[in-house]
Structure formats: structure tokens, C-alpha cells
Amino acid sequence: ALAEQFAAFFNRNDTFALGVCNGCQMMAALAPIIPGASAWPKFTRNKSEQFEARLSMVEVLASPSLFFTGMAGSRIPIAVAHGEGYADFSQRGDPTAVARAMRFTDNTGRATEDYPANPNGSPDGLAAVTTGDGRFTVLMPHPERASEALLGSADGMYVLRSLVESMARVESAA
């Protein structure tokens, strides 16, 4: 029923999806039926054992993600607001095979597991993962909350622009 509908969606070649925060947790739970997501972790309770809400610095990594095209190496402040964002490979996934797309950094730009720069304690600062073809990406930070300068940052708009540009390239190639 519902599981088959999700599987059918994920297996179509003309679909893509971005899971942010709770959407990240939900899509990670669906990893067994998402092609290329078998290495994704389960997202569990933050190492701090508390809800974390603030701006955090992230670095976009080189990845096939449609959502981060042309952004590799970018360091941007992005809002976080979660209590269960720890990328827990002890419960599911493979840290050596996962396609990493974003990580938390410290004030020198290095990946970190240290609190408070890494709000959830994920290994190597992991903040986002994607599939090998880049169509499905999940992340704990909230780029949509950093899309208006009046609210403190417009850097999240780069993620949305990247997707629009990727879709334009796909459309023109068709």
C-alpha cells in the first residue's frame, strides 16, 4: 500500500526529493526502499541529549546532489533546530560508503564533532547525505530558514537556486 507507493516514487527516474530535519529522519527511515541510500545512517538523539536551535556553520562537500550543484567548498551559516540529528551508523548504514554532502565545521573551517559547533555530535561533522545519482538528499540543517537577509542570512537560497539550475540543465538536455 503506502510503502509500495513510496517505492514506486523513489524508483522513477524523473523524481527527486530533499528531506530537511524531520524530513531527513523520515527519508533516512525509508532508506531501504530508496535506490542508492543503503549506506545512510539512522538519525537519533543528539549527543548533547537536548534540543539544539541556532545558526551553525556548514561546509558543502563535493557530491552528486542536485541540491548542491556548484556549491562544493562553500561555507555558510545555516539554522539548526533538532533534538534527533545524530548520524548513528551503529544502528544503520555504512560510514565508509555513504555519499556525504555537507558537514558542520568549527570556526577555522575544519569538520568537527565538538559541541557546540556540531550541534548533534555526528561523526566527522556529517550534516547531509545523498544518493549516488544525487536525486535524493537529506540534511538536518534548515536552508529554508536562511533564505532571507532580514532574518539573518540569505545563504540558504544557494541551495534552492542550485536545484533550479540543475532542473534547467536536465530540462534542456531532454
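The values are calculated or read from the model by the stated rules, or taken from the named source; none is laboratory data. The model shown is predicted, which means the values in this text are computed figures rather than measured ones. Don't worry about glycine lacking a Cβ; one is built from the backbone with ideal geometry, like all the others, and counts go over all protein chains shown. All accessible areas refer to the heavy atoms of the entire protein, side chains included, with ligands and DNA or RNA removed. Shrake-Rupley method; radii C 1.70, N 1.55, O 1.52, S 1.80 Å.
Things to note:
- Residue list for segment 132-142, restricted to those being buried (at least 24 other Cβ atoms within 10 Å of the Cβ) and of a type outside the set (A, V, I, L, M, F, W, C): Thr137, Pro141
- Which listed residue is part of a strand (DSSP E or B) and either open to solvent by 10 Å² or more (accessible area, probe 1.4 Å) or modelled with pLDDT of 85 or more (or both), from Val129, Val170: Val129
- Filtered by the rule that a residue be loosely packed, with under 13 Cβ neighbours inside 10 Å and touching a residue at least 60 places away in the same chain (Cβ under 8 Å), segment 86-102 gives no residues.
- Residues of segment 103-112 that turn out to be out of contact with any Asp or Glu (no Cβ under 7 Å at 6 or more places or on another chain) and either in contact (Cβ under 8 Å) with a residue 60 or more places away in the chain or buried (at least 20 other Cβ atoms within 10 Å of the Cβ) (or both), as a count: 1
- Filter pass, Ala28 being in a helix (DSSP H, G or I), modelled with pLDDT under 95 and either of a type outside the set (Lys, Arg) or over 18 Å from Gly132 (Cβ atoms) (or both): no
- Matching residues in segment 42-85 - criterion: being assigned to a strand (DSSP E or B) and open to solvent by 40 Å² or more (accessible area, probe 1.4 Å): Lys42, Ala53, Arg54, Leu55, Met57, Arg75
- Residue in segment 126-147 that is of a type outside the set (Gly, Ala, Ser) and more than 28 Å from Thr15 (Cβ to Cβ) present: no
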